[in-house]
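Only one structure is covered here, and it is reproduced in the block below.
What follows is calculated from the coordinates using simple rules that are stated; it is not laboratory data. Keep in mind that what you see is a predicted model, and the values were worked out from it rather than measured. With ideal geometry, Cβ positions are generated from the backbone for all residues, glycine too; neighbour counts draw on all protein chains shown.
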Amino acid sequence: MLLVSNDEELSIAKQLAINMARRALKVGGTCTGEHGIGRGKMTLLEEEYGPTGIQVMKNIKQSLDPNGIMNPGKIIHIQ
């Protein structure tokens, strides 16, 4: 756990989380955890799965939720 007391420390903490996730990806791990991806690491999802993997996720999301009512704007953005 990181306790931050100002915007600069928050920025450093966010970058630390990104760096740790990228290191996990580099050694074959994942950027997700037991609570899912989280908004802060959404950009890492494409690094892990690539554009094809993201498109598959979008297709599944569109098939299961054509009206975009389940968690709109979370993780997979459907245009």
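What to note about this one:
- Count of Lys pairs (Cα-Cα under 21 Å; at least 8 positions apart or interchain) in the chain: 9
- Restricting the chain to GluC sites (Glu not before Pro) that sit in a DSSP loop and have at most 11 other Cβ atoms within 10 Å of their own Cβ leaves Glu34.
- Only helices enter the 222 nm calculation for the chain: every DSSP H run of n ≥ 4 contributes -39,500 (n - 2.57), and dividing by all residues gives -19000 deg cm²/dmol, rounded to 500.
- Evaluated on the chain, the Kirkwood hydrodynamic radius is 14.2 Å, with distances taken between all distinct Cα atoms.
- Helix 7-26 axis, angle to the chain major axis (alpha carbon atoms, nearest 10°): 60
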